[in-house]
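S.K.: Handing you a structure now.
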Ligand code: AMP
(Lines give C-alpha, C1' and ligand atoms only; values in the text may rest on other atoms or scores of the structure.)
Protein backbone atom coordinates (compact mmCIF):
# COMPACT_ATOMS: atom_id res chain seq x y z
CA UNK A 1 0.00 0.00 0.00
CA UNK A 2 1.29 3.46 -0.87
CA UNK A 3 -0.12 6.97 -0.82
CA UNK A 4 -0.73 7.00 -4.60
CA UNK A 5 -3.25 4.17 -4.38
CA UNK A 6 -5.25 6.11 -1.77
CA UNK A 7 -6.45 8.61 -4.38
CA UNK A 8 -4.37 11.66 -3.47
CA UNK A 9 -3.24 14.01 -6.22
CA UNK A 10 0.31 15.05 -7.18
CA UNK A 11 0.69 18.17 -4.95
CA UNK A 12 -0.22 16.14 -1.86
CA UNK A 13 1.90 13.15 -2.87
CA UNK A 14 4.83 15.52 -3.26
CA UNK A 15 4.25 17.01 0.22
CA UNK A 16 3.95 13.53 1.75
CA UNK A 17 7.22 12.49 0.08
CA UNK A 18 8.88 15.64 1.43
CA UNK A 19 7.82 14.61 4.93
CA UNK A 20 9.60 11.30 4.33
CA UNK A 21 6.44 9.20 4.69
CA UNK A 22 6.63 6.06 2.56
CA UNK A 23 3.66 3.97 3.65
CA UNK A 24 0.34 5.14 5.02
CA UNK A 25 -0.26 4.21 8.66
CA UNK A 26 -3.35 2.02 9.32
CA UNK A 27 -5.54 4.99 10.27
CA UNK A 28 -4.47 6.82 7.11
CA UNK A 29 -5.14 3.77 4.93
CA UNK A 30 -8.69 3.61 6.27
CA UNK A 31 -9.56 7.27 6.79
CA UNK A 32 -8.20 8.83 3.59
CA UNK A 33 -10.45 6.92 1.12
CA UNK A 34 -13.50 7.32 3.39
CA UNK A 35 -13.04 11.09 3.71
CA UNK A 36 -12.44 11.42 -0.04
CA UNK A 37 -15.76 9.67 -0.65
CA UNK A 38 -17.44 12.33 1.50
CA UNK A 39 -18.36 9.93 4.31
CA UNK A 40 -18.54 10.79 7.99
CA UNK A 41 -15.85 9.09 10.05
CA UNK A 42 -15.64 8.04 13.68
CA UNK A 43 -12.11 6.96 14.51
CA UNK A 44 -10.62 5.53 17.68
CA UNK A 45 -7.05 6.64 17.19
CA UNK A 46 -4.70 8.31 19.57
CA UNK A 47 -1.87 10.72 18.91
CA UNK A 48 1.03 8.86 17.39
CA UNK A 49 -1.01 6.83 14.94
CA UNK A 50 -0.67 9.39 12.13
CA UNK A 51 -4.29 10.50 12.50
CA UNK A 52 -3.53 14.15 11.71
CA UNK A 53 -2.43 13.29 8.17
CA UNK A 54 -5.35 10.83 8.09
CA UNK A 55 -7.83 13.70 8.12
CA UNK A 56 -5.73 16.61 6.83
CA UNK A 57 -4.61 15.06 3.54
CA UNK A 58 -8.08 14.13 2.21
CA UNK A 59 -9.56 17.43 3.43
CA UNK A 60 -6.89 19.34 1.51
CA UNK A 61 -7.58 17.18 -1.54
CA UNK A 62 -11.31 17.98 -1.41
CA UNK A 63 -10.85 21.68 -0.69
CA UNK A 64 -8.42 22.07 -3.58
CA UNK A 65 -11.21 21.02 -5.96
CA UNK A 66 -13.75 23.61 -4.77
CA UNK A 67 -13.94 27.38 -4.70
CA UNK A 68 -11.52 29.28 -2.47
CA UNK A 69 -12.83 30.85 0.69
CA UNK A 70 -13.96 34.46 0.72
CA UNK A 71 -13.98 37.06 3.44
CA UNK A 72 -14.39 35.69 6.99
CA UNK A 73 -15.65 32.37 5.64
CA UNK A 74 -14.18 29.05 6.66
CA UNK A 75 -14.54 25.85 4.62
CA UNK A 76 -13.01 23.23 6.91
CA UNK A 77 -12.94 23.59 10.69
CA UNK A 78 -10.70 21.49 12.92
CA UNK A 79 -11.50 21.80 16.61
CA UNK A 80 -8.96 20.55 19.09
CA UNK A 81 -8.67 20.83 22.88
CA UNK A 82 -5.27 22.40 23.47
CA UNK A 83 -3.18 25.20 22.07
CA UNK A 84 -0.21 22.92 21.49
CA UNK A 85 -2.27 20.47 19.52
CA UNK A 86 -3.82 23.29 17.49
CA UNK A 87 -0.36 24.66 16.68
CA UNK A 88 0.88 21.23 15.68
CA UNK A 89 -2.10 20.51 13.45
CA UNK A 90 -1.60 23.97 11.93
CA UNK A 91 2.00 23.04 11.12
CA UNK A 92 0.84 19.79 9.52
CA UNK A 93 -1.76 21.64 7.42
CA UNK A 94 0.96 24.01 6.20
CA UNK A 95 3.37 21.18 5.44
CA UNK A 96 0.88 18.94 3.64
CA UNK A 97 -0.68 21.87 1.78
CA UNK A 98 2.66 23.35 0.71
CA UNK A 99 1.91 22.83 -3.00
CA UNK A 100 -1.74 23.87 -2.94
CA UNK A 101 -3.12 27.41 -3.17
CA UNK A 102 -5.18 27.09 0.04
CA UNK A 103 -5.14 29.42 3.02
CA UNK A 104 -5.12 28.17 6.60
CA UNK A 105 -5.08 29.74 10.04
CA UNK A 106 -4.69 28.58 13.63
CA UNK A 107 -6.50 30.31 16.48
CA UNK A 108 -6.20 29.65 20.21
CA UNK A 109 -6.39 31.58 23.44
CA UNK A 110 -3.53 32.96 25.51
CA UNK A 111 -2.14 35.03 22.64
CA UNK A 112 -3.25 38.32 21.01
CA UNK A 113 -6.51 38.10 19.13
CA UNK A 114 -5.86 40.90 16.60
CA UNK A 115 -3.44 39.05 14.31
CA UNK A 116 -5.95 36.18 14.26
CA UNK A 117 -8.75 38.59 13.30
CA UNK A 118 -6.63 40.03 10.49
CA UNK A 119 -5.93 36.58 9.10
CA UNK A 120 -9.58 35.54 9.21
CA UNK A 121 -10.70 38.73 7.47
CA UNK A 122 -9.22 37.46 4.22
CA UNK A 123 -11.11 34.19 4.52
CA UNK A 124 -9.38 30.88 5.21
CA UNK A 125 -10.00 27.49 3.69
CA UNK A 126 -8.92 25.57 6.80
CA UNK A 127 -9.21 26.86 10.33
CA UNK A 128 -7.68 25.02 13.27
CA UNK A 129 -9.13 26.26 16.55
CA UNK A 130 -9.57 25.66 20.26
CA UNK A 131 -13.24 26.04 21.25
CA UNK A 132 -13.04 29.10 23.54
CA UNK A 133 -11.12 31.36 21.17
CA UNK A 134 -13.26 30.24 18.24
CA UNK A 135 -16.40 31.37 20.08
CA UNK A 136 -14.73 34.68 21.04
CA UNK A 137 -13.92 35.32 17.40
CA UNK A 138 -17.42 34.40 16.34
CA UNK A 139 -18.97 36.65 18.99
CA UNK A 140 -16.85 39.50 17.65
CA UNK A 141 -18.17 38.65 14.17
CA UNK A 142 -14.70 37.94 12.86
CA UNK A 143 -15.49 34.52 11.48
CA UNK A 144 -18.44 32.93 9.67
CA UNK A 145 -19.04 29.27 10.19
CA UNK A 146 -22.32 28.83 8.32
CA UNK A 147 -20.71 27.47 5.15
CA UNK A 148 -18.46 24.88 6.76
CA UNK A 149 -18.04 21.89 4.44
CA UNK A 150 -16.07 19.67 6.82
CA UNK A 151 -15.85 19.59 10.60
CA UNK A 152 -13.16 17.67 12.44
CA UNK A 153 -13.53 17.12 16.16
CA UNK A 154 -10.09 16.02 17.27
CA UNK A 155 -9.35 14.38 20.63
CA UNK A 156 -13.05 14.41 21.45
CA UNK A 157 -12.58 12.51 24.70
CA UNK A 158 -10.13 15.07 25.97
CA UNK A 159 -12.45 17.85 24.97
CA UNK A 160 -15.13 16.39 27.22
CA UNK A 161 -12.61 15.77 30.03
CA UNK A 162 -11.58 19.39 29.87
CA UNK A 163 -15.17 20.55 30.19
CA UNK A 164 -15.54 21.90 26.65
CA UNK A 165 -18.87 20.24 26.00
CA UNK A 166 -20.86 23.49 26.31
CA UNK A 167 -18.50 25.35 24.00
CA UNK A 168 -18.70 22.51 21.52
CA UNK A 169 -22.48 22.55 21.59
CA UNK A 170 -22.42 26.30 20.94
CA UNK A 171 -20.05 25.85 18.00
CA UNK A 172 -22.17 23.03 16.56
CA UNK A 173 -25.22 25.29 16.62
CA UNK A 174 -23.37 27.70 14.31
CA UNK A 175 -22.57 25.10 11.66
CA UNK A 176 -24.74 24.04 8.73
CA UNK A 177 -26.40 20.67 9.25
CA UNK A 178 -25.32 19.53 5.79
CA UNK A 179 -21.64 18.95 6.21
CA UNK A 180 -19.11 16.16 6.55
CA UNK A 181 -18.06 15.35 10.12
CA UNK A 182 -14.98 13.48 11.25
CA UNK A 183 -14.60 12.61 14.89
CA UNK A 184 -11.35 11.38 16.42
CA UNK A 185 -10.94 10.17 19.97
CA UNK A 186 -8.37 8.04 21.77
CA UNK A 187 -11.10 6.27 23.69
CA UNK A 188 -14.80 5.81 23.00
CA UNK A 189 -16.64 6.07 26.29
CA UNK A 190 -20.42 5.99 26.54
CA UNK A 191 -20.37 9.79 26.77
CA UNK A 192 -18.38 10.10 23.55
CA UNK A 193 -20.70 7.68 21.77
CA UNK A 194 -23.68 9.76 22.87
CA UNK A 195 -22.07 12.89 21.50
CA UNK A 196 -21.22 11.05 18.29
CA UNK A 197 -24.84 10.02 17.76
CA UNK A 198 -25.82 13.68 17.35
CA UNK A 199 -22.80 14.53 15.24
CA UNK A 200 -22.02 11.90 12.66
CA UNK A 201 -24.32 10.17 10.19
CA UNK A 202 -23.71 6.58 9.10
CA UNK A 203 -20.04 6.97 9.91
CA UNK A 204 -17.27 4.74 8.68
CA UNK A 205 -15.91 3.40 11.96
CA UNK A 206 -12.17 3.05 12.26
CA UNK A 207 -10.27 1.62 15.16
CA UNK A 208 -6.53 1.40 15.04
CA UNK A 209 -5.77 0.70 18.65
CA UNK A 210 -8.15 -1.59 20.46
CA UNK A 211 -10.37 0.31 22.85
CA UNK A 212 -8.53 1.40 25.96
CA UNK A 213 -5.48 -0.73 25.44
CA UNK A 214 -1.98 0.59 25.38
CA UNK A 215 0.18 0.92 22.31
CA UNK A 216 2.02 -2.32 21.66
CA UNK A 217 5.33 -0.75 20.77
CA UNK A 218 5.61 0.80 24.24
CA UNK A 219 7.36 -1.26 26.88
CA UNK A 220 5.84 -0.51 30.27
CA UNK A 221 7.28 -0.87 33.73
CA UNK A 222 6.38 0.20 37.19
CA UNK A 223 8.91 0.80 39.93
CA UNK A 224 7.57 0.66 43.48
CA UNK A 225 9.21 3.38 45.56
CA UNK A 226 8.42 5.43 48.66
CA UNK A 227 6.89 8.79 47.78
CA UNK A 228 9.67 10.83 49.40
CA UNK A 229 12.30 9.07 47.35
CA UNK A 230 10.75 9.62 43.94
CA UNK A 231 12.85 12.70 43.02
CA UNK A 232 16.07 10.89 43.96
CA UNK A 233 15.02 7.80 42.00
CA UNK A 234 14.18 9.87 38.93
CA UNK A 235 17.55 11.65 39.12
CA UNK A 236 19.25 8.26 39.48
CA UNK A 237 17.43 6.84 36.45
CA UNK A 238 18.11 9.87 34.24
CA UNK A 239 21.81 9.79 35.04
CA UNK A 240 22.31 6.05 35.09
CA UNK A 241 20.31 5.37 31.93
CA UNK A 242 21.69 8.51 30.25
CA UNK A 243 18.30 9.61 29.03
CA UNK A 244 18.79 12.56 26.74
CA UNK A 245 15.10 13.33 26.20
CA UNK A 246 12.48 12.38 28.74
CA UNK A 247 8.91 13.54 29.22
CA UNK A 248 7.92 13.36 32.89
CA UNK A 249 4.31 13.59 34.03
CA UNK A 250 3.20 15.01 37.33
CA UNK A 251 -0.39 15.20 38.53
CA UNK A 252 -0.35 18.89 39.47
CA UNK A 253 1.17 22.14 38.24
CA UNK A 254 2.70 22.69 41.65
CA UNK A 255 4.23 19.21 41.50
CA UNK A 256 5.70 19.99 38.07
CA UNK A 257 7.32 23.18 39.36
CA UNK A 258 8.69 21.50 42.47
CA UNK A 259 10.15 18.55 40.57
CA UNK A 260 11.72 20.87 37.99
CA UNK A 261 13.54 22.72 40.79
CA UNK A 262 14.74 19.45 42.30
CA UNK A 263 16.11 18.28 38.94
CA UNK A 264 17.79 21.61 38.20
CA UNK A 265 19.48 21.38 41.61
CA UNK A 266 21.02 18.12 40.37
CA UNK A 267 22.25 19.76 37.14
CA UNK A 268 19.57 18.19 34.99
CA UNK A 269 18.15 20.63 32.44
CA UNK A 270 14.43 20.52 33.15
CA UNK A 271 11.54 22.83 32.24
CA UNK A 272 7.93 22.66 33.45
CA UNK A 273 5.06 22.87 30.98
CA UNK A 274 1.57 23.43 32.33
CA UNK A 275 -1.53 25.59 32.15
CA UNK A 276 -0.10 28.41 34.29
CA UNK A 277 2.73 28.98 31.85
CA UNK A 278 2.25 31.54 29.11
CA UNK A 279 1.89 30.29 25.56
CA UNK A 280 5.26 31.79 24.81
CA UNK A 281 6.93 29.91 27.68
CA UNK A 282 5.32 26.65 26.58
CA UNK A 283 6.37 27.07 22.95
CA UNK A 284 9.91 27.89 24.08
CA UNK A 285 10.03 24.87 26.40
CA UNK A 286 8.84 22.56 23.63
CA UNK A 287 11.30 24.01 21.12
CA UNK A 288 14.17 23.57 23.61
CA UNK A 289 13.12 20.00 24.22
CA UNK A 290 12.96 19.23 20.50
CA UNK A 291 16.37 20.85 19.93
CA UNK A 292 17.91 18.93 22.81
CA UNK A 293 18.82 21.91 25.03
CA UNK A 294 16.11 20.83 27.47
CA UNK A 295 16.65 17.28 28.69
CA UNK A 296 13.52 16.84 30.77
CA UNK A 297 10.09 18.27 30.11
CA UNK A 298 7.97 18.08 33.27
CA UNK A 299 4.35 18.24 32.21
CA UNK A 300 0.83 17.96 33.52
CA UNK A 301 -1.66 15.90 31.55
CA UNK A 302 -3.49 18.79 29.99
CA UNK A 303 -0.34 20.58 28.88
CA UNK A 304 1.20 17.44 27.47
CA UNK A 305 -1.85 16.40 25.57
CA UNK A 306 -1.06 15.96 21.91
CA UNK A 307 2.53 17.22 22.09
CA UNK A 308 4.04 16.10 18.84
CA UNK A 309 7.56 15.10 19.57
CA UNK A 310 8.97 12.70 17.04
CA UNK A 311 10.17 9.36 18.35
CA UNK A 312 10.19 10.24 22.01
CA UNK A 313 12.02 7.30 23.56
CA UNK A 314 11.18 7.81 27.23
CA UNK A 315 8.13 8.73 29.26
CA UNK A 316 8.05 8.70 33.06
CA UNK A 317 4.95 8.85 35.22
CA UNK A 318 6.30 10.58 38.31
CA UNK A 319 2.75 10.44 39.70
CA UNK A 320 0.09 8.11 38.42
CA UNK A 321 -2.83 9.98 36.87
CA UNK A 322 -6.08 10.06 38.81
CA UNK A 323 -8.05 9.39 35.61
CA UNK A 324 -6.93 5.95 34.35
CA UNK A 325 -7.48 6.86 30.67
CA UNK A 326 -4.76 9.48 31.07
CA UNK A 327 -2.27 6.65 31.55
CA UNK A 328 -3.06 5.46 28.03
CA UNK A 329 -2.72 9.01 26.71
CA UNK A 330 0.52 9.61 28.56
CA UNK A 331 2.31 6.53 27.36
CA UNK A 332 1.00 7.25 23.86
CA UNK A 333 3.62 10.04 23.80
CA UNK A 334 6.25 7.38 23.20
CA UNK A 335 6.46 4.54 20.71
CA UNK A 336 4.91 6.77 18.07
CA UNK A 337 4.21 5.85 14.44
CA UNK A 338 5.88 2.47 14.83
CA UNK A 339 9.04 3.42 16.75
CA UNK A 340 9.59 1.72 20.09
CA UNK A 341 9.46 3.51 23.42
CA UNK A 342 9.59 2.96 27.14
CA UNK A 343 7.12 4.16 29.77
CA UNK A 344 8.17 3.91 33.41
CA UNK A 345 5.85 4.65 36.33
CA UNK A 346 7.20 5.47 39.78
CA UNK A 347 4.50 4.17 42.08
CA UNK A 348 4.18 4.72 45.82
CA UNK A 349 1.91 2.77 48.20
CA UNK A 350 -0.64 5.59 48.36
CA UNK A 351 -1.20 5.23 44.60
CA UNK A 352 -2.54 1.71 44.89
CA UNK A 353 -6.03 2.85 43.96
CA UNK A 354 -4.86 4.57 40.76
CA UNK A 355 -2.69 1.58 39.85
CA UNK A 356 -5.65 -0.78 40.27
CA UNK A 357 -7.83 1.39 38.04
CA UNK A 358 -5.15 1.58 35.35
CA UNK A 359 -4.41 -2.15 35.33
CA UNK A 360 -8.10 -2.93 35.10
CA UNK A 361 -8.52 -0.47 32.24
CA UNK A 362 -5.64 -1.86 30.20
CA UNK A 363 -6.57 -5.37 31.33
CA UNK A 364 -2.99 -6.11 32.08
CA UNK A 365 -0.40 -6.04 34.82
CA UNK A 366 2.31 -3.47 34.38
CA UNK A 367 5.55 -5.41 34.92
CA UNK A 368 7.29 -4.46 38.19
CA UNK A 369 10.91 -3.77 38.80
CA UNK A 370 12.68 -2.87 42.02
CA UNK A 371 15.72 -0.65 41.86
CA UNK A 372 18.53 -1.55 44.23
CA UNK A 373 18.87 1.17 46.84
CA UNK A 374 15.32 2.44 46.25
CA UNK A 375 13.29 -0.49 47.54
CA UNK A 376 10.21 0.91 49.28
CA UNK A 377 9.56 0.59 52.99
CA UNK A 378 5.85 0.63 52.12
CA UNK A 379 5.51 -1.72 49.17
CA UNK A 380 2.72 -1.40 46.61
CA UNK A 381 0.36 -4.40 46.71
CA UNK A 382 -0.48 -6.10 43.43
CA UNK A 383 -4.03 -5.17 42.45
CA UNK A 384 -6.37 -7.84 41.16
CA UNK A 385 -7.66 -7.33 37.65
CA UNK A 386 -10.86 -9.31 37.99
CA UNK A 387 -12.64 -7.66 40.88
CA UNK A 388 -13.99 -4.17 41.58
CA UNK A 389 -11.36 -2.24 43.33
CA UNK A 390 -11.25 -2.21 47.12
CA UNK A 391 -11.93 1.13 48.76
CA UNK A 392 -9.00 2.54 50.67
CA UNK A 393 -9.59 2.88 54.42
CA UNK A 394 -11.15 6.21 55.21
CA UNK A 395 -9.05 6.89 58.27
CA UNK A 396 -5.76 6.57 56.38
CA UNK A 397 -6.38 7.50 52.75
CA UNK A 398 -2.66 7.98 52.11
CA UNK A 399 -1.84 4.43 53.18
CA UNK A 400 -3.99 1.89 51.39
CA UNK A 401 -4.63 -1.45 52.96
CA UNK A 402 -1.84 -3.70 51.80
CA UNK A 403 -4.25 -6.57 51.70
CA UNK A 404 -6.82 -4.72 49.61
CA UNK A 405 -7.76 -6.67 46.53
CA UNK A 406 -5.84 -9.74 47.69
CA UNK A 407 -7.04 -13.03 49.04
CA UNK A 408 -5.87 -13.52 52.63
CA UNK A 409 -2.58 -15.33 52.69
CA UNK A 410 -2.15 -15.17 48.91
CA UNK A 411 0.24 -12.27 48.72
CA UNK A 412 3.56 -13.55 47.35
CA UNK A 413 6.44 -13.14 49.78
CA UNK A 414 8.83 -10.38 48.87
CA UNK A 415 11.93 -11.88 47.28
CA UNK A 416 15.32 -10.57 48.25
CA UNK A 417 16.97 -8.43 45.63
CA UNK A 418 19.95 -9.94 43.93
CA UNK A 419 23.08 -7.99 44.71
CA UNK A 420 25.11 -6.85 41.76
CA UNK A 421 22.16 -6.64 39.42
CA UNK A 422 20.91 -3.08 39.15
CA UNK A 423 17.36 -4.03 38.41
CA UNK A 424 15.52 -7.11 39.14
CA UNK A 425 12.22 -8.19 37.72
CA UNK A 426 9.61 -9.40 40.06
CA UNK A 427 6.98 -11.86 38.95
P1 LIG B 1 -0.14 12.05 14.73
O2 LIG B 1 -0.75 10.79 15.25
O3 LIG B 1 -0.97 12.66 13.66
O4 LIG B 1 0.15 13.01 15.85
O5 LIG B 1 1.25 11.71 14.04
C6 LIG B 1 2.31 11.17 14.76
C7 LIG B 1 3.64 11.31 14.05
O8 LIG B 1 3.71 10.38 12.98
C9 LIG B 1 3.91 12.69 13.46
O10 LIG B 1 5.20 13.07 13.88
C11 LIG B 1 3.88 12.47 11.98
O12 LIG B 1 4.80 13.32 11.31
C13 LIG B 1 4.26 11.02 11.81
N14 LIG B 1 3.63 10.36 10.65
C15 LIG B 1 2.36 10.54 10.21
N16 LIG B 1 2.12 9.76 9.14
C17 LIG B 1 3.24 9.04 8.90
C18 LIG B 1 3.60 8.06 7.92
N19 LIG B 1 2.73 7.64 6.99
N20 LIG B 1 4.84 7.56 7.96
C21 LIG B 1 5.71 7.99 8.92
N22 LIG B 1 5.45 8.90 9.87
C23 LIG B 1 4.22 9.43 9.87
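The values are calculated or read from the model by the stated rules, or taken from the named source; none is laboratory data. All values derive from a computational prediction rather than experimental measurement. Glycine also receives a Cβ, built like all others from the backbone with ideal geometry; neighbour counts cover every protein chain displayed.
S.K.: Applying the selection to the range 227-257, what residues are loosely packed, with under 15 Cβ neighbours inside 10 Å and within 25 Å of residue 282 (Cβ to Cβ)?
M.R.: Across the range 227-257, the qualifying residues are 244, 252, 254.
S.K.: Name the residue, out of 102, 85, 120, that is in a helix (DSSP H, G or I), more than 21 Å from the chain's Cα centre (by Cα) and in contact (Cβ under 8 Å) with a residue 40 or more places away in the chain.
M.R.: On inspection, the qualifying residue turns out to be 120.
S.K.: If you don't mind, there's one more thing I want to ask. Pull up the range 147-163, narrow it to residues that are over 11 Å from residue 79 (Cα atoms) and assigned to a loop (DSSP other than H, G, I, E, B), then point me to the one that is farthest from the chain's Cα centre (by Cα).
M.R.: Per the stated criteria, the residue is 147.
S.K.: Shifting gears a bit: Residues being modelled with pLDDT of 95 or more and farther than 16 Å from residue 75 by Cβ: count how many of those fall in the range 174-189.
M.R.: 1
S.K.: Just to be sure, is residue 302 under 13 Å from the mean Cα position of the chain (by Cα), at pLDDT below 75 and more than 16 Å from the ligand (Cβ to nearest atom)?
M.R.: Details: under 13 Å from the mean Cα position of the chain (by Cα): yes; at pLDDT below 75: yes; more than 16 Å from the ligand (Cβ to nearest atom): yes.
Against the criterion (under 13 Å from the mean Cα position of the chain (by Cα), at pLDDT below 75 and more than 16 Å from the ligand (Cβ to nearest atom)), residue 302 qualifies.
S.K.: Same structure again: Is it fair to say residue 275 is within 19 Å of residue 229 (Cα to Cα) and under 21 Å from the mean Cα position of the chain (by Cα)? Reasoning before the result, please.
M.R.: On the way: within 19 Å of residue 229 (Cα to Cα): no; under 21 Å from the mean Cα position of the chain (by Cα): yes.
Considered against the rule, which asks whether it is within 19 Å of residue 229 (Cα to Cα) and under 21 Å from the mean Cα position of the chain (by Cα), residue 275 comes out as no.
S.K.: Select, from 172, 195, the only residue that is touching a residue at least 24 places away in the same chain (Cβ under 8 Å), more than 30 Å from residue 67 (Cα to Cα) and part of a helix (DSSP H, G or I). Even if it seems obvious, please write down each step before you answer.
M.R.: Numbers: 172 fails: more than 30 Å from residue 67 (Cα to Cα).
Only one candidate passes the filter, namely 195.
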